[in-house]
Structures are given as C-alpha cells and as structure tokens.
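Report on the structure given below.
The values are calculated or read from the model by the stated rules, or taken from the named source; none is laboratory data. Treat the numbers as computed from the prediction; the structure is a model and nothing was measured. Don't worry about glycine lacking a Cβ; one is built from the backbone with ideal geometry, like all the others, and counts go over all protein chains shown.
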Amino acid sequence: MSYKDGRITVARLFVISAPSGAGKTTLLNRIRKRFPQIAYSVSHTTREIRPGEVDGQAYHFVSVEEFEKMIQAKAFLEWTQVYGQYYGTSKLFIDQCLADQEPVILEIDFQGARKVARIYPDRVSIFIMPPSVAVLKERLRGRGEDPVKIACRLAEAGTEMAEGKNYRHIVVNDDLDRATDELAALFKRYLTPGLR
C-alpha cells in the first residue's frame, strides 16, 4: 500500500487502451486530476509533436536513432510501430513505480497491452470505446489530421474495437461527464483497500 496526502492506496498497474479519437487522453487528464496519487507512464515516440503538446508530458519525443538505441538497450517494457512511428513504454519507470508500491497508469494500444498482460497478469485493463465509428470519424476530423491518416486510423478502428472484449472493463465514451464518472468509479474501486 502507498500513503500519499493522507490517503491509503493500493499499488496497481492500470492498462488503458482505445482507438485513436475515442477520447482516452481527455478522460485520463480528468482522472489524473481526481487521483493525483497515481503515477502516469509517459511513452516515448518518434512522431512529430502536435500544437499544444509539451515534451515530457504528452510523450517523450525522441529521434528514430535514439529510439532504436533504446530498443537495443532493452529499455522498453513494450514497443511498436504505428503509422510509421515508434512508440514505447519505459520498463524502468513501470518497474520502479510498482517496486515503490505506487499505482501507475499505462496508456497503450491493444498490441502493447497484450505484451504487458504476459508480464503483469494482475494488471487492471480498461478499454475506452467510442459510441460509434461515425462519431470516431468526426472526432478525428476535429483534430485537423491529414485525411490519409484519418482513413488509416478508421481502417484500424474495427480491429481495435473488437479487442475490447479482451479487457477486464469497457467504458463507452458517449458522454464525457458520464464516462469520467464511470472510469473514476473503477479507479476508486481498485485503489481502495478491501474493494474490488
């Protein structure tokens, strides 16, 4: 157990996945405000930084050369290539959080989640589901992404959404406030001693 700000929490690894555009980042930003005692794993990526993003907060933005050196050094718990860009999770950070009995959120795609499941079978897996593919398409358009990238992401969305059945919990993000409350209830359930 961990003591922070006078509260007792249970050390847990929370694995969160969703199709691109499902709203998981917005939901998790809200969750992190409600549960400041939870650490957040910031992934490494080689993709370009987007307007409004800050290095070290959204991602650790690195070059392809640097990322590949980290692969060789076995620095990642898991890594993958998505839409031509590398993404990876720091093994040291996750291991340190769990060794220190600190709960931690890991936001990754379903392929990475499968790898993590083999290493941490007792993780809490949560899938954020969009209400429909049509809504997903509108959200992606709203982000101002390239139409070709949007088409690629939508092509993958069906496969990603089908993976939801392999997660312990599914939260449908059809209404942001309702989905936030549902997700917060799950976190509270797993972080409160005696509740499951």
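Summary of computed values
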| quantity | calculated |
| --- | --- |
| Any hit, region 99-113, residues being in contact (Cβ under 8 Å) with a residue 24 or more places away in the chain, surrounded by 17 or more Cβ atoms within 10 Å (Cβ to Cβ) and touching a Pro at 6+ places or on another chain (Cβ under 7 Å) | no |
| Criterion violated by residue 91 - all others in (1) touching a Lys or Arg at 6+ places or on another chain (Cβ under 9 Å); (2) crowded, with 19+ Cβ neighbours inside 10 Å; (3) free of Cβ contacts under 8 Å to residues at least 60 places away in the same chain satisfied | (2) |
| Number of positions in region 48-93 that are of a type in the set (A, V, I, L, M), in contact with a strand residue (DSSP E or B) (Cβ under 8 Å, 6 or more places away or on another chain) and assigned to a loop (DSSP other than H, G, I, E, B) | 3 |
| Number of the condition not met by residue 63 [criteria: (1) over 14 Å from the mean Cα position of the chain (by Cα); (2) surrounded by fewer than 16 Cβ atoms within 10 Å (Cβ to Cβ); (3) modelled with pLDDT under 95] | (3) |
| Matching residues in region 1-52 - criterion: being of a type in the set (Ser, Thr, Tyr) and either under 17 Å from the mean Cα position of the chain (by Cα) or modelled with pLDDT of 90 or more (or both) | 17, 20, 25, 26, 40, 41, 43, 45, 46 |
| Region 159-193 - residue that is of a type in the set (Ser, Thr, Tyr) and surrounded by fewer than 17 Cβ atoms within 10 Å (Cβ to Cβ) and, of those, nearest to residue 138 (Cα to Cα) | 159 |
